[in-house]
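Throughout, read-outs are computed from the coordinates displayed, never taken from laboratory work. What you see is a predicted model; the values in this text were computed from it and never measured. Heads up, the Cβs are rebuilt from the backbone with ideal geometry, glycines too, and the neighbour counts pull from every protein chain shown.
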Amino acid sequence: MIEPRTPRYDWGQRVRACQDLYNDGSYPEVAEDALLVNTGDTGEIVNVGTHVESNTPVYMVEFPANRVVGCLEEEIAPAE
């Protein structure tokens, strides 16, 4: 069994998107592959979970317009 990786970021931490984030089908009211978050947009981590199959951290980040997007560590960085 693979041990869960320790999350790099914490709940409540301000982060920015390192790349454009697109709808992967998680937002049924938005077209698939539609842009959800622009590179550089800042948000706040509102929950930290673990992807069950890969045991990697997944961050629920609230970005502008109250849009909560699931992000991987390589998709976000601490906000300056």
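For the stretch 34-60, give me each residue that is over 12 Å from the mean Cα position of the chain (by Cα), more than 21 Å from E80 (Cβ to Cβ) and of a type in the set (G, A, S).
A34, S54
If you scan the stretch 2-16, which residues turn out to be under 18 Å from D41 (Cβ atoms) and not basic (K, R)?
Initial filter on the stretch 2-16 (under 18 Å from D41 (Cβ atoms)): 9, 12-16.
Across the stretch 2-16, the qualifying residues are Y9, G12, Q13, V15.
Just to be sure before I move on: is Q19 within 13 Å of the chain's Cα centre (by Cα) and closer than 11 Å to C71 by Cα in the structure I sent? Outline the logic, then answer.
On the way: within 13 Å of the chain's Cα centre (by Cα): yes; closer than 11 Å to C71 by Cα: yes.
In short, yes.
Any idea which residue in the stretch 1-29 is nearest to E80 (Cα to Cα), counting only those that are of a type in the set (G, A, S) and part of a loop (DSSP other than H, G, I, E, B)?
In this case the residue turns out to be G12.
Please find, within the stretch 62-80, the residue that is surrounded by the most Cβ atoms within 10 Å (Cβ to Cβ) out of those that are more than 20 Å from P4 (Cα to Cα) and β-branched (V, I, T).
Ranking the candidates gives V69 first.
Which one of the conditions (1) in contact with a Cys (Cβ under 7 Å, 6 or more places away or on another chain); (2) on the phi > 0 side of the Ramachandran plot does Y59 fail to meet, given that it meets all the rest?
Going through (1) in contact with a Cys (Cβ under 7 Å, 6 or more places away or on another chain); (2) on the phi > 0 side of the Ramachandran plot one by one, Y59 breaks only (2).
Filter the stretch 17-55 for residues that are of a type in the set (D, E) and either in contact with a strand residue (DSSP E or B) (Cβ under 8 Å, 6 or more places away or on another chain) or surrounded by 11 or more Cβ atoms within 10 Å (Cβ to Cβ) (or both); which is farthest from I76 (Cα to Cα)? First the steps, then the outcome.
Pass one, the stretch 17-55, residues of a type in the set (D, E): 20, 24, 29, 32-33, 41, 44, 53.
Imposing the further condition that a residue be either in contact with a strand residue (DSSP E or B) (Cβ under 8 Å, 6 or more places away or on another chain) or surrounded by 11 or more Cβ atoms within 10 Å (Cβ to Cβ) (or both) reduces the set to 20, 24, 32-33, 41, 44.
On the way: D20: 10, D24: 17, E32: 21, D33: 19, D41: 10, E44: 11 Å.
If we take residues in the stretch 17-55 being of a type in the set (D, E) and either in contact with a strand residue (DSSP E or B) (Cβ under 8 Å, 6 or more places away or on another chain) or surrounded by 11 or more Cβ atoms within 10 Å (Cβ to Cβ) (or both), then E32 is farthest from I76 (Cα to Cα).
Which of the residues spanning the stretch 1-16 are more than 13 Å from L72 (Cβ to Cβ) and either aliphatic (A, V, I, L, M) or more than 14 Å from the chain's Cα centre (by Cα) (or both)?
Within the stretch 1-16, M1, I2, E3, P4, T6 qualify.
Inside the stretch 30-80, can you point out the residues that are without any contact (Cβ under 8 Å) to a residue 24 or more places away in the chain and part of a strand (DSSP E or B)?
Selection gives L35, G49, H51, V58, M60, E62, V68.
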